[in-house]
Amino acid sequence: MIYGSTQCAIEYAQRDAIDEWIQLFLRNDGDNVALADGLLEKKRYYIGPVVADISEFGIEEELHRI
């Protein structure tokens, strides 16, 4: 299964299992087991996925300077 898709994240979120999706993604497609392990060290609360306009983060401005 491809965990790195938006649709996959949405499906897990609809089942109230976004924390499970984060772990599956990081341990598979995300290739970051160390981060996955670190996130398990204490209780965390997640929301998402969240739709956001990336232009609000100033990303385009940075790209134009390169």
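Each reported figure results from applying straightforward, stated rules to the coordinates on display, with no laboratory input. Keep in mind that this is a model prediction, so the values were computed, not measured. All Cβ positions, glycine included, derive from the backbone under ideal geometry; neighbour counts span all protein chains shown.
3J(HN,Hα) along region 25-34: 4, 5, 7, 10, 4, x, 6, 9, 4, 4 Hz, from the Karplus curve 6.51 cos²θ - 1.76 cosθ + 1.60 with θ = phi - 60°, whole Hz, x for Gly and Pro.
Summarised as an ellipsoid, region 6-65 has semi-axes of 25, 16, 12 Å, derived from the eigenvalues of the Cα gyration tensor scaled by 5 and square-rooted, with the largest first. A Förster radius of 35 Å combined with the Cβ-Cβ distance from N28 to I54 puts the calculated FRET efficiency at roughly 0.90. Annotation: amide H of Y3 within the under-5 Å range of D29, sequence separation 5 or more or interchain, hydrogens built in the peptide plane.
Highest-first packing order for the peptide set 44-50, 18-24, 7-13 is 18-24, 7-13, 44-50, based on the mean count of other beta carbon atoms within 10 Å.
Placing a pseudo-label 7 Å from each Cα along the Cα-to-Cβ vector at I10 and Y46 gives an inter-label distance of 1.7 nm.
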